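Shown next, in C-alpha cells, is the structure this report addresses.
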Amino acid sequence: MSNATLLLEGKEYALPVIAGVEKEIAIDISSLRAKSGAVTYDPGYGNTGSCSSAITFIDGERGILRYRGYPIEQIAEKASFVEVAYLLVYGELPTKVELATFSLNLTRHTLLQEDMKKFFEGFPNSAHPMGILSAMAASLSTYYPDTEKREPNIIRLLAKLPTIAAFSYKKSIGQPFIYPRNDLTYTQNFLQMMFAVPCEPYVVNETVDRVLNLLLILHADHEQNCSTSTVRMVGSSGANLFSAISAGISALWGPLHGGANQEVLEMLQNIRSEGGDVRKFVQMAKDKSSKFKLMGFGHRVYKNFDPRASILKKAADDVLASLHVSDPLLSIARELEDIALHDSYFMERKLYPNVDFYSGIIYRAIGIPTEMFTVMFALGRAPGWIAQWKEMVDDPTTRINRPRQIYTGARERAFVPIGERERTLVTA
Ligand code: SDX
C-alpha cells in the first residue's frame, strides 16, 4: 500500500496506509509519536482502529454484517446458536462431529460448583441480574484459576453463563433454582432453567426455542463495540478470560449499549402509560434540553439500517402471531419507527432502529422479564467476546492497551501547607 504524508510544524512524516480485505483503509500511526512526538486525538474512538480482526465485518453504510464471512441473513436463517458460537470462536462452521463434540462439552459443563450457589444468598432479591452475572463471571476465576487451561475455560464460560443467568432470575422471583438437564439443547436447557418449576414437568415450546436461537445469533458479535473493546482492553493486560468477560458484561450494561433493550421496553411502556402520544416523545427526543433519547435508535457504525433490526422486525410479527400474542407495545413501536423515519431530525442524523429496538418486544413475547433483557444480550454476545479475546491473546503482536491523552489540568505549582489553604467560600 502507499503512504499518507502528515505535514506537522513544517516537517513531513510518511505514515503507512494499510487495507482490510474489504478494501477499507487505515493510516498506521503506530510510529507517529516516536517520529513526531505528537499523538492523535479521537475521544470515543469513532475514527480509530484498535486492532486488526478476522472475526466480524460490518459495513455501516451498506447495512452489512458478516460473521467469519458468512452474511448474518444466511446465518440467522440456517444456523443454530451453538454452531455460530463454534464459528466465531474457532473460525469455521463445525462439521457434524465437531458440532456434536462441542455441544456435548457444553452440556457437560453447565453445572456450577455447588458452593457457588451460596454466592446468590448474598445478593438482595432486588439485585439486577447484570450485576449478578458480572460478579459470578469473575468469580468463576476463583474456581478455575489455571488460566493455561484456556480451552476448558472457554467451554466452562459458555456453558455456565446461562445457568448463572437462570439462577439469578429464579432468585429474583423467590423460586428454587432449576438445575441444567443433559437431554436438552443449549437454548432448550436455558428455557427450562428459567421457566420450569419442581412441581410440574416443563415442555419446551418449539417456536420460543427457535426465536431464542435467532435472538442469541443476532447478538453474537459486532466487531469492536464498547463491551468487546473492554474485553480486549482488560485481556491485553494478561488478566484471565473470566475477568475480561466480566468487564465486558459490565460495559454492556450501560443504557447506551446493551442496556438499551431494557430502556426501549420501558420507553414504550412509558409512552403507553402516558396516553400513547408517540409524537410527543419524538419531539422530546429532538429537543436537546430534554436529555431524552429515543432508545433503540441510532448507531455509531450503522448510518443506514441495522441488518439485525430488519431481521427482528420481521421476526416480531412471526413470533407474536405463532404465539397468539398481541402486544400493544408492538403497535407503538411501529408507529414510533414510522414517525421517526420520516422526520428530518432523524433522517439528517441517520438515526435508524438498531438491534435493541425490536428485540425487547420479542423477549417479552417469549416470557423473558424486562430486567433480563440485557442478560440475554450478554448470553448472545459471550461467544463474540470470547472469540475476540482469543484472537487477541493468540496475536504475538498484541501489546497492553495504553492510550495517551491531551492534558488540560493545572500547570506546575508548589505544594501548599494545610494552614495556608483557606479558600474564599463562594456563598450561594
Ligand atoms: C448497541 O457499537 C455497537 O456495535 C453496539 C451494538 C452491538 O451490537 O454491540 O450494536 C449494540 O449498543 C446498539 C445501540 C443501543 N443504544 C441505544 O439505542 C441508545 C440510543 N442511541 C444513542 O444513545 C446513540 O445513537 C448511540 C449511543 C447508539 C450512538 O451514539 P453516537 O454514535 O455517539 O452518536 P451521537 O451521540 O454523536 O449522536 C449524533 C447525533 C446527536 O445529535 P447532534 O449533536 O448531532 O445534534 O444524533 C443524536 C445526538 O443527540 N442522537 C439521538 C439519538 N442517537 C443519537 N437523538 C435522539 N435519540 C437517539 N437515540
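The values are calculated or read from the model by the stated rules, or taken from the named source; none is laboratory data. This structure is a prediction, so every number in the text was calculated from the model and none was measured. Here Cβ is always computed from backbone atoms with ideal geometry, including for glycine, and neighbour counts include all displayed protein chains. Surface areas here come from the heavy atoms of the whole protein model, side chains and all, with no ligands, DNA or RNA. Shrake-Rupley method; radii C 1.70, N 1.55, O 1.52, S 1.80 Å.
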### Task
Mind checking which lysines have their Cα closer than 20 Å to the Cα of Lys118? Skip sequence neighbours fewer than 8 apart in that chain.
Lys160, Lys170, Lys171
### Query
Tell me, in nm to one decimal, what length is gained between Asn401 and Arg62 on full extension, where the rule is 0.36 nm per residue of separation less the Cα-Cα distance?
119.0 nm
### Query
Exactly which GluC sites (Glu not before Pro) in the range 133-230 are in a DSSP loop and have at most 13 other Cβ atoms within 10 Å?
Glu148
### Query
Near Lys280, which lysines are there with a Cα under 24 Å away, not counting those fewer than 8 places off in the same chain?
Lys288, Lys291, Lys293, Lys313, Lys350
### Query
Quick one: if you stick a label point 7 Å off each Cα along the C-beta vector at Thr101 and Asp277, how many nm between them?
6.3 nm
### Query
Based on the mean of other beta carbon atoms within 10 Å per residue, what is the order of 229-241, 174-186, most packed first?
229-241, 174-186
### Tyr41-Ile339 FRET efficiency (beta carbon distance; Förster radius 45 Å; 0.05 resolution)
0.75
### Task
Using a/c under 1.5 as the rounded threshold, could you call the range 260-365 rounded, prolate or oblate? The axes a ≥ b ≥ c are square roots of the C-alpha gyration tensor eigenvalues, and prolate needs a/b larger than b/c, oblate otherwise.
oblate
### Task
For Met284 and Arg423, calculate 0.36 nm times their separation in residues minus their Cα-Cα distance, and state this gained length in nm to one decimal.
45.9 nm
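Whenever you get a sec, compute what percent of the accessible area on the range 322-425 sits on carbon and sulfur atoms (1.4 Å probe). Don't jump to the answer; show the numbers that get you there.
Working: 3190 of 6040 Å².
After summing per-atom areas, the C and S share lands at 53 percent.
Using the per-residue mean of other Cβ atoms lying within 10 Å as a proxy for protection, in what order, highest first, do the peptides 13-21, 303-311, 277-285, 256-264 fall?
256-264, 303-311, 277-285, 13-21
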### Task
Taking 7 Å along the Cα-to-C-beta vector as the label spot, tell me the Ser2-Tyr143 distance in nanometres, rounded to one decimal.
5.7 nm
### Message
For the chain, what does the helix formula give at 222 nm: sum of -39500 (n - 2.57) over DSSP H segments with n ≥ 4, over the residue count, nearest 500 deg cm²/dmol?
### Response
-15500 deg cm²/dmol
### Query
What's the carbon and sulfur percent of the range 51-141's accessible surface, probe 1.4 angstrom, rounded to a whole number?
53 percent
### Query
Distances over 23 Å make up what percent of all Cα-Cα pairs in the range 62-200?
42 percent
### Message
Can you give me the long-range amide H partners of Gly298? Hydrogens built in the peptide plane at 1.01 Å from N, cutoff under 5 Å, separation of 5 or more residues or another chain.
### Response
Tyr352, Asn354
### Task
Give me the accessible area per residue for the chain, probe 1.4 Å, as a whole number in Å².
52 Å²
### Task
Sort the following peptides by mean Cβ neighbour count (other Cβ atoms within 10 Å, averaged over residues), highest first: 405-417, 74-86.
74-86, 405-417
### Task
Once you have a ≥ b ≥ c as the square roots of the Cα gyration tensor eigenvalues for the chain, tell me rounded if a/c is under 1.5, and otherwise prolate or oblate according to whether a/b is larger than b/c.
rounded
### Query
If each of Asp318 and Glu121 carries a label point 7 Å out from its Cα toward its Cβ, how far apart are those two points in nm?
4.6 nm
### Query
Using the Kyte-Doolittle scale, which helices in the chain average at least -1.0 and also have C-alpha atoms spread 30 Å or more along the helix axis, with helices defined as whole DSSP H runs?
150-172, 373-394
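What's the magnitude of the charge dipole for the chain around its Cα centre, counting Lys and Arg as +1 and Asp and Glu as -1 at the beta-carbon? Answer in Debye, nearest 20.
The calculation lands at about 880 debye.
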### Ranking by accessible area, most exposed first, for His342, His324, His222 with a 1.4 Å probe
His324, His342, His222
### Summary
Looking only at lysines whose Cα falls under 18 Å of Lys35's and that sit 8 or more positions away or on another chain, we get Lys11
